[in-house]
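For reference, the structure is listed below as structure tokens.
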């Protein structure tokens, strides 16, 4: 049940007109969820995981679609960077071992 904007009468959500005053029921337009265009937020979250996590925290209540994209790409970015750093460490260790032997 919702209230008529003009007379305050309780009306069903499916009704097109208020039974009390006869005016058309105005429904709030759904807010566009920017999570539908994930490219920008995915890139930001992947290349800057800390910023992606902050975006997730800021959007988890108001824009859940955007928040989900941010946390997903933050996790992917963090795993990617950990793997790259691990491989670089192994590479330099092998170089150091080659030099010392």
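Below are the figures for this structure:
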item: Verdict on residue 91 being surrounded by 12 or more Cβ atoms within 10 Å (Cβ to Cβ), at pLDDT 90 or above and over 30 Å from residue 4 (Cβ atoms); result: no
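Each row is one residue, and each column tells you yes or no for (1) touching a strand residue (DSSP E or B) at 6+ places or on another chain (Cβ under 6 Å); (2) touching a residue at least 24 places away in the same chain (Cβ under 8 Å); (3) not in a helix (DSSP H, G or I).
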{"site": "7", "(1), (2), (3)": "no, no, yes"}
{"site": "13", "(1), (2), (3)": "yes, no, yes"}
{"site": "27", "(1), (2), (3)": "no, no, yes"}
{"site": "42", "(1), (2), (3)": "no, yes, no"}
{"site": "53", "(1), (2), (3)": "no, no, no"}
{"site": "57", "(1), (2), (3)": "no, no, no"}
{"site": "66", "(1), (2), (3)": "no, yes, no"}
{"site": "87", "(1), (2), (3)": "no, no, no"}
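The values are calculated or read from the model by the stated rules, or taken from the named source; none is laboratory data. These figures come from a predicted structure and were not determined experimentally. No Cβ is skipped: glycine too gets one built from the backbone with ideal geometry, and neighbour counts run over all protein chains shown.
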